[in-house]
Every structure is written in C-alpha cells, then in structure tokens.
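Chemist: Have a look at this one before I ask anything.
Each value in this text was obtained by applying a stated rule to the coordinates, not by laboratory testing. Just so you know, these numbers come straight off a predicted model, no measurement behind them. Please note: Cβ atoms are built from the backbone with ideal geometry, for glycine as well, and neighbour counts cover all protein chains shown.
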Amino acid sequence: MRSYLKLSCKRISAKDTENYVSKVPKLYKELTQQLRKTILDNFPHLNEAIKWGNPVYYTDENLFYVSANKDHVKLGFFLHGPDLDNPDGLIEGTGAKMRHVKYRNVNELNEKQIVEWIRQLLELVEND
C-alpha cells in the first residue's frame, strides 16, 4: 500500500487554482491554463488540490500534478510513470514510479496524448 502518497486534503475551489495560475510567469500562463482545462474537461471526477505548492490531481491517492517552473510546465505522474506508453520519448525521469513531461509552449500540448496517459494511469492504479 502506498500510504505515503495519501494525504487528507479537501477539493480546492476554482479560485484557489486561479490564484496559482495568476502567479505563473506570463510566458507559461496560457500553457498552464490549457493543461488544467484538458484535465478537468476530460476527468471531472478527479479531485484537485494545491499540494507542495502545485495543483495535484487525485482520487484515494495522488496521481499526477502540474508544476509551472521558470523554463517549462511539467505534467508529472506520481505512479506508474515507467508503465505509460511513451512512443515519442516525451516522458522523462528515472524514478522507480515517477515520471514527467516538460512543455515549453502551448503548441507542444497534445490533448489526445495527455488524455491517453491519464486514462492509462487510472487503469493501472485501479488494477493495483
């Protein structure tokens, strides 16, 4: 059991996330907004909370996060990162379970691929 990933946290309001996005550097604001929109439009059942200073998406345990950094926006997977399909080599990292994808502009976002990765992740977690 991955109890170290379970944290009690209430679902945040849209205002809390908008506050997070308002602090994102202008260069990555649209990218962060679009990534979040893709997640919420396709997976409205997931909980969203600010944890470790970033939006984290979870059910019973933390699944993935969005992190705006100074030179990219990261979509990070807490679990099953190495198990996700990665035909284009976009998923990076060497952790036992964690992986991430870095985006530097909104044109790099592939909504279909992002949705597929999250669907795969949810299926893998469900089958744990």
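Chemist: Which of the trypsin sites (Lys or Arg not before Pro) across the stretch 25-128 are loop residues per DSSP, with 14 or fewer other Cβ within 10 Å?
Modeler: Working: sites: LYS26, LYS29, ARG36, LYS37, LYS51, LYS70, LYS74, LYS97, ARG99, LYS102, ARG104, LYS112, ARG119; in loops: LYS70, LYS97, ARG104.
When the trypsin sites (Lys or Arg not before Pro) of the stretch 25-128 are filtered for loop state and at most 14 Cβ neighbours within 10 Å, LYS70, LYS97, ARG104 remain.
Chemist: For the stretch 110-123, just list the computed ³J(HN,Hα) in residue order, Karplus coefficients 6.51, -1.76 and 1.60, θ = phi - 60°, integers in Hz, with x standing in for Gly and Pro.
Modeler: Once rounded to whole Hz, the list reads 10, 4, 4, 5, 4, 4, 5, 4, 5, 4, 4, 4, 4, 5.
Chemist: Same structure again: Starting from the Cα of ASP71, step 7 Å along the direction of its Cβ; do the same at GLU30; then give the gap between the two resulting points in nm.
Modeler: Distance between label points: 2.2 nm.
Chemist: Here's another thing I want to ask about it. Which one, (i) 41, 36, 21; (ii) 39, 36, 25; (iii) 87, 44, 26, gives Cα extents along the principal axes in Å as derived from the coordinates shown?
Modeler: (ii)
Chemist: Test of understanding: extend the Cα→C-beta vector of LYS23 to 7 Å, then name every residue of the stretch 37-69 with backbone N under 14 Å from that spot.
Modeler: So the set is 50-56, 67-69.
Chemist: From the cross-link list LYS23/LYS102; LYS37/LYS102; LYS23/LYS74; LYS29/LYS51; LYS51/LYS112; LYS26/LYS97, which pairs have alpha carbons spaced over 24 Å apart? If you can, show how the numbers build up before the last one.
Modeler: Details: LYS23/LYS102 19 Å; LYS37/LYS102 17 Å; LYS23/LYS74 15 Å; LYS29/LYS51 19 Å; LYS51/LYS112 26 Å; LYS26/LYS97 31 Å.
Exceeds cut-off: LYS51/LYS112; LYS26/LYS97.
Chemist: I want to check the label-to-label distance for LEU124 and ASN47. Put each point 7 Å from Cα in the C-beta direction and report it in nm to one decimal.
Modeler: Simple spin-label model gives 2.2 nm for this pair.
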